[in-house]
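Coordinate-derived values only; no laboratory data. Fair warning: this is a prediction, and the values are worked out from it, not measured in the lab. No Cβ is skipped: glycine too gets one built from the backbone with ideal geometry, and neighbour counts run over all protein chains shown.
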Amino acid sequence: MKMNPKNHSQLSRRYFLRGLGAVAAGLTFSPGKGWSSEEKRLNFYNWDTYIGETTLDDFRTATGIEVSMDLFADNDELFSKLKEGNPGYDVIVPSNDFVERMIRANMLVKLDHSKIPNFNNLDKAFQDAAFDPKRAYSMPYMWGTVGIGYRKSKVSKVPDSWASLFASSEYSGRIALLNSPSETIPIAMKYLGHSINTADSEVVQTVEDLMIKQKKHIKVFAEDNGQDLLLSGEVDLTMEYNGDIIQVQEEDDDIAYIVPKEGTLLWEDCLCIPKGAPHSENAHAFMNYLLDGDAGALIADFIQYATPNAAAKAKLSDEYRNNPAIFPTDEVLGRSESSKYRGEAMQRLFDEAWTRISAA
Amino acid sequence: MDYWRKSNKVFLSFGIPPTIWLFAFFLGPLFLVWGLSFGEKQGIIRVAITGTLENYLRALQPLYLQIFLKSFWYAGLTTFFCLVISFPVALAITFVSDRWKPILLLLIILPFWTNLLIRTYALIAVLRTNGYLNDLLELIWQSADSGLRILGLGDWNLLGERFHRFELLYNNFAVVYGLVYVHLPFMVLPLYAALDRMDRSYIEVSLDLGASQWRTFLSVIVPLALPGIISGVIITFIPALGTYLTPDLLGGTDSQMIANVIERQFKSANDWPFGAALSFLLMYLTFFALSVRALLTNHDEKGLA
Amino acid sequence: MSFRSNNPIGPLDYSRRTWMKLILLGTFVFLYAPIITLIAFSFNDSRRNIVWRGFTFKYYEKAWNNSSLVEAFANSLTIALFSTLISVVLGTMTAILLWRFRFPGKAGYEGLMSLPIVIPEICLGVAMMAFFSRIGWPSGLHWPLNLGAITIAHISFSFPFVTVVVRARLASFNRELEEAAKDLGAGEWQAFKDILIPHIRPGLIAAALLAFTLSLDDFVITFFTSGPDTITLPIKIYSMIRFSVTPEVNAASAVLIAITLIMTSFALWFQGRNGNQP
């Protein structure tokens, strides 16, 4: 049963539906032992536009739990915000390396897998993770790559190597890189033939030298708005997340996305419960709901990111499943890595290198 | 000026509420961060306050001092341009009829009620290479060029063969432009507050005595506006020093300001002690600049009296 | 400077001089070029504010039906309103205190009062977050109490700005007037209410505008002091940066501008009709 979000203002209808939802929940779900003892609320801390259009309403209809969603803009913000204690969030959506960092900092609640039966919907590859063995603390939500978004009519050939960005003067003044040491430096390492997770200060130094040398050809270190720069013609090549480029491709056929042959950084956004969450039962129910095949399909169809949910993927169109910008080929995947938590000393090294690069 | 004991009831009733507020809801929180600046990171979250000066020593490295210097320079440029633009604007507002005054004031502040990010994006749309300013300039160029053609000078390509669009964004010009744009009302409002309904007889006397408009401006209006200028400079210069969004979105690869470095310490670098030390160093430097200013003006006032 | 105009311009009619008009015009073009652009883009039939794709009203409808946007908008205005009121009161008190009295440790007190202007936003944001989490500020309160922490933080960084602006105005106050009123039997409060406040009114208006603007536009400090269910407009907008800000936000901004202009024109018309101009 679907609810139109436009009916928000009609309170009576809303309450009626909520009551109906509670009944429906009683029918469709075998009541979990504890969840009815919690108040029917959930505080979800998420990225903007990162959920299906009706998912929260559908969930309320199904379980009677009212979800209020707050928004953060990046992982650093999320981490800083929770560092001094959880102000009351129940479910958060950090990316892989931050999951690991938060596990180490003892900021996450261990999940009760018995309350998340939809875990079995996940693709086998996502049922375990290097950054979170046996998925003890996190459920995968969406994943993707970082690659090069480019304007087809303005490049001599497909920029299938990171060299176009890091070591070439061909596109001088038409390049944007991400203004983020924890993405750009590991990718430069990858270009130089090292692992993304290299923890070697000399490699960081080499990357620094490389970037200072290349700086005169780079137009801007973009704040994750490279897709806009590409669309407006300010730059012709940009390092960006795949999802961002897919969104501007809808506006402009001349824009394409490629994962360079050296391989790239894989990212995975996960659902986690922070310590001190006031509604941890509801949080488990909510995670389970998001991993449901139908619910997951609605979300992935709306936001156009790669879902780790095999049951959901099976329900989606061929166009989605075969889009190389969403799902890279196995060959590309084989050469790519997801970043692990680097440790605080490396973090500092990265930051100092970035300060020097920007000051040079 | 009264000595406080002369009317201590008034003094206390004016003094106590803001003081309590300041201590409870500002200095209290600030003290926590000040403590952090003498701390050492232990693990991912924990910071032990050990009294170390390492963070300050690190902040005094040439790398960071150079960024400090650059930030002061850009904030200074911003303040200068704001003052030059704002003074005539504030003066004009004080001289219009009472009916127009609130309209003009509101028109000055209204753009700032739309979100900074949205405004900055709109500014990008105006300034970018394919933006409206360049469109306008191209139009002007084309009409000038066709004008020349009509005059039979077309073959000489006096204006160049074709119009070259200006790269106005992603450089330090754009940063200063953006900073001036963002901070303009911070200068206009205090200037207006100081100048409004000033005693016009001074100006009349000066003009009657044969002083030129310019002379009158310098020797009568500017001194009258001085408290406003000082206030305006303070609340423009200091916030401009602390802005990081404008250099982030409009700057090029070399537009890093100290506020960007500070922001990174509290976010991606996860190094709060160092971020706190940089912040407090910035505050100490600003205070130093302010006290130099205070000494100079005190000196002036004595000289005038 | 044109002195050859047909209508004689008085020596103090600065606002009627051509060069003054040109400067004003130039400043308004500088200020409004981006604003007009953003309003234009609110009618753009595209999900992002980059390329013109045709005219539509749909983003106004979408903004209106986007309950989280409307909620964020309402929260922001509520916070700004309360913050402005309290900041103006506290800031004016401080300004009068510093202007009127000599007291031991005044220079230091002045320095402390200007700290909130001097401190980098993010540092204050982190400080506020640490503070509220340590004193155990309750979360999950009902509206508008849930906005309490944010409002308190906004007042803390706004009221010193008010102080600075009001002080600039106080400098031109002629204390003999107040003394004369007191000699004629006016009490402290009456002299304050009838003489001082009217004189500093331009300063109060300017300061209130500034405080309102500071609060409405603050992102960093708000972000760090917000808890669950306290989304404000800047937080909503900044979180959109990952995917691009949609024209709904432009529509909401355009509506705010339109409402302000309409309300002001109405107030002016009303004032003019009653003929009680100051």
query = Based solely on its DSSP helices, what 222 nm [θ] is calculated for the protein assembly as shown when runs of n ≥ 4 H residues each add -39,500 (n - 2.57) and the sum is averaged over all residues, nearest 500 deg cm²/dmol?
reply = -18000 deg cm²/dmol
query = Is any helix in chain B, taking whole DSSP H runs, at least 15 angstrom long along its axis by alpha carbon and on average at least 0.5 on the Kyte-Doolittle scale, and which ones?
reply = B:8-22, B:62-95, B:116-127, B:172-195, B:222-241, B:272-304
task = Please report the Cα spread of chain B along all three principal axes, rounded to whole Å, starting with the longest.
result = 80, 62, 35
Highest-MSF residue in chain C out of C:E179, C:E110, C:E61 [GNM, Cα springs under 10 Å] = C:E179
inquiry  = Please compute the contact order of chain B in relative form: average sequence separation of alpha-carbon pairs under 8 Å and at least six residues apart, divided by the residue count, as a percent.
reply    = 27
remark   = At 25 °C and 0.890 mPa s, the Stokes-Einstein diffusion coefficient in µm²/s for chain A, with hydrodynamic radius from the Kirkwood sum on alpha carbon pairs, is 113
message = Inside 10 Å of the C-beta atoms of A:40-53, what's the mean count of C-beta atoms belonging to other chains?
response = 3
message = Let me understand the protein assembly as shown better: what is its radius of gyration from the alpha carbons, and its Dmax, in angstrom?
response = 29.5, 95
remark   = What the Cα atoms of the stretch B:40-163 span along the principal axes, largest first and in whole Å, is 79, 50, 25
key: Kirkwood Rh and Cα Rg combined as Rg over Rh, evaluated for the stretch C:68-274   = 1.04
key: Exceeding the 21 Å Cα-Cα cut-off - candidates A:K216/B:K70; A:K190/A:K215; A:K275/C:K236; A:K315/C:K58; A:K83/B:K41   = A:K275/C:K236; A:K315/C:K58
query = Over the stretch C:109-243, what is the relative contact order in whole percent, taking alpha-carbon pairs under 8 Å and six or more residues apart?
reply = 41
remark   = Over the Cα atoms of the stretch A:263-348 the radius of gyration and the largest Cα-Cα distance (Dmax), both in Å, equal 16.2, 45
request  = Choose one answer from C:L112, C:L256, C:L177: the residue with the largest mean-square fluctuation in a GNM of chain C with alpha-carbon springs under 10 Å.
outcome  = C:L177
request  = Quick one: plug the Kirkwood hydrodynamic radius of the stretch A:125-177 (C-alpha pairs) into Stokes-Einstein at 4 °C, 1.567 mPa s, and report D in µm²/s.
outcome  = 91
